[in-house]
1. From the backbone phi of the range 72-83, what are the Karplus-calculated ³J(HN,Hα) couplings (6.51 cos²θ - 1.76 cosθ + 1.60, θ = phi - 60°) in whole Hz, Gly and Pro given as x?
2. Evaluate the distance, in nm, between pseudo-label points positioned 7 Å from the Cα of ARG129 and of ASP73 along their respective Cα→Cβ axes.
3. Any chance you could run the full-extension gain for ARG93 through ILE147? It's 0.36 nm times the residue separation minus the Cα-Cα distance, nm to one decimal.
Amino acid sequence: MTFEITKAWCQSAGANEKDLDIAAGVIAIDPTFHQGSGADESPEASRLALGRFINLMRRGQGLSIEDLAQKADIELGDLFSLENNASFQPDARTLYQLSEIFGVSQEKLMSLSGLTHSNNNEYVEEAVRFAAKSASVEVLTAEETSILHGFISVLSENNKSK
């Protein structure tokens, strides 16, 4: 006789345990893994806050995206997507590396990313307020302006040749 534990059975059993967190593995310390929607704040809003936090922390430390990616030993594309794409879902290792660099809670970064869900969402709501208040209104530096004009000229050249 075999007994198979299916995903549906686990979800049904979990629903019967109303006020208890059910989790397994390394991430089961406080928050629990979840998939799909169900977070109190929209996942995009909290990931936007996470991206804004990473951007400001990186810039506050005087690091370029490339420098932070190298220092944290994470993929450059993942870091860029984390900062700029609210629908990007980072992996647990990337968030662990960033939590170590910035000296913040890995569990809270994971909750902001949507990888986990915590019973205490006060910091998620605070993170969304933070992102809204910290929206970038900075003026381009002379170097950024020069780079932008150079890129515009490249785009203009490509447009003329078509």
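Values quoted throughout were computed directly from the atomic coordinates according to the rules given, and no laboratory measurement underlies them. Bear in mind that the values here come from a model prediction, so they are computed numbers and not experimental data. Glycine gets a Cβ as well: all are built from the backbone with ideal geometry, and neighbour counts include every protein chain shown.
1. Going residue by residue, I get 8, 6, 10, 5, 4, x, 5, 5, 4, 5, 4, 6 Hz, with x marking Gly and Pro.
2. Here the modelled spin labels are 3.7 nm apart.
3. Using 0.36 nm per residue and subtracting the Cα-Cα distance, I get 16.2 nm.
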